[in-house]
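Okay, structure first, notes after.
The values are calculated or read from the model by the stated rules, or taken from the named source; none is laboratory data. Since we're looking at a predicted model, the values are computed, not measured. Here the Cβ positions follow ideal geometry from the backbone for every residue, glycine too, while neighbour counts run over all protein chains shown. Accessible surface areas use protein heavy atoms only, side chains included; no ligands, DNA or RNA. Shrake-Rupley method; radii C 1.70, N 1.55, O 1.52, S 1.80 Å.
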Amino acid sequence: MTKPRLIDRMPVVHQLRQSVGLQRGMLVAGLVLTGVFVVCAVFAPLLAPYGYAQLSGPDGNFGAQQPPSAAHLLGTTVGGYDVLSRVIWGAQTALMVVIVAIAMSVFVGILLGLVSGYLGGWVDRALVVVADAIYAFPTLLLAIVVAIAINNGQSGLWPGIMAAAASITVVFIPQYFRVVRAEVVRVKTEAFVESAKVIGASTPRIMFRHVLRNSTRTLPLIVTLNASEAIATLAALGFLGFGIQPTVAAEWGYDLNKSISDVAAGIWWTAVPPGLAIVLTVLGITLIGESLNDLADPRLRARRRAGSAKKTPTPADAVAASQPASREMMGEVE
């Protein structure tokens, strides 16, 4: 039996090798769309023809609501910004907010879920009540309230990103908390945890070394789905005017808000690119999350194994195929 190569054990490669048919197509499509989003975000200074707040070039001001041309491939906005540049720079803003929001949510949610599930008692009851109260609150309304409370009128890049990320984090923490807590409650009754207690391991060591390592297997699936939700929430905050200021960063939701009157006037190029960027990015990340969720389903894995077993020929089938049977053996008569 050959030992699997390191590249075959990498998460993306491993999932691609497991997937088949339509499921593989969905995963590949999601990876392509997400890859384009990440490339635009990382290399925005190189890909964008102009700055996100640039209003003029060598030939003077860009002009407002200019149609697509050689100088501006997607035209200009009502504020005089280049649409293509705003879309590319908006990918960078969205990626930074998603990374900060997911990192904060995962850290706080896992920590609270671990403490609540392992310790139990009144700590568990109090944290569950708080998490359920937050989870029951309308998501967007909660994000708006937190954004208003944190922003304090600051318009800097990182204060704006941190405010948007924090507002999204508050919404996501209960999701990680509930998933991790349920896994911790299950894992802490296993035999290896009892063995660690018997040999005198401390409570923090058991929690972080033994319980935590076996309670976070489903988190990658939640992260992918929450990343798409974070982009949609950020766009909604920007559309409602509670996002990042346009002079410090490009934001797709804000650009959509400013293009409402343009659509009524037949000026499509200010609304379609940012809206399409939101849809394709959310779709790509969602496809990855749904594909990973399907691949993690043991029933689907068993079904794929059964299908591959039927397709794999046995040695007897190979011998029979190499020696054609006579017409009499096949039951045919003259």
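Would you point out which residue out of 128, 184, 171, 179 is over 30 Å from residue 249 (Cβ atoms), in contact (Cβ under 8 Å) with a residue 24 or more places away in the chain and under 21 Å from the mean Cα position of the chain (by Cα)?
179
Would you confirm, using the coordinates I've provided, whether residue 199 is open to solvent by less than 70 Å² (accessible area, probe 1.4 Å), modelled with pLDDT of 80 or more and among the aliphatic types (A, V, I, L, M)?
Judged against the criteria, residue 199 is not a match.
Yes or no, residue by residue, for (1) touching a residue at least 60 places away in the same chain (Cβ under 8 Å); (2) of a type outside the set (Ser, Thr, Tyr):
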position	(1), (2)
55	no, yes
59	no, yes
62	no, yes
78	yes, yes
85	yes, no
99	no, yes
116	yes, no
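Here is a check on your reading of the model: is residue 191 open to solvent by less than 40 Å² (accessible area, probe 1.4 Å) and of a type outside the set (Phe, Trp, Tyr)?
no
Every residue in the range 256-277 that is buried (at least 24 other Cβ atoms within 10 Å of the Cβ) and touching a Phe, Trp or Tyr at 6+ places or on another chain (Cβ under 8 Å), please.
Across the range 256-277, the qualifying residues are 274, 277.
Just to be sure, is residue 246 under 20 Å from residue 86 (Cβ atoms) and surrounded by fewer than 22 Cβ atoms within 10 Å (Cβ to Cβ)?
Answer is yes for this residue.
I'd like the full set of residues that are open to solvent by 50 Å² or more (accessible area, probe 1.4 Å), of a type in the set (Phe, Trp, Tyr) and more than 25 Å from the chain's Cα centre (by Cα), limited to the range 105-125.
122, the sole residue that qualifies.
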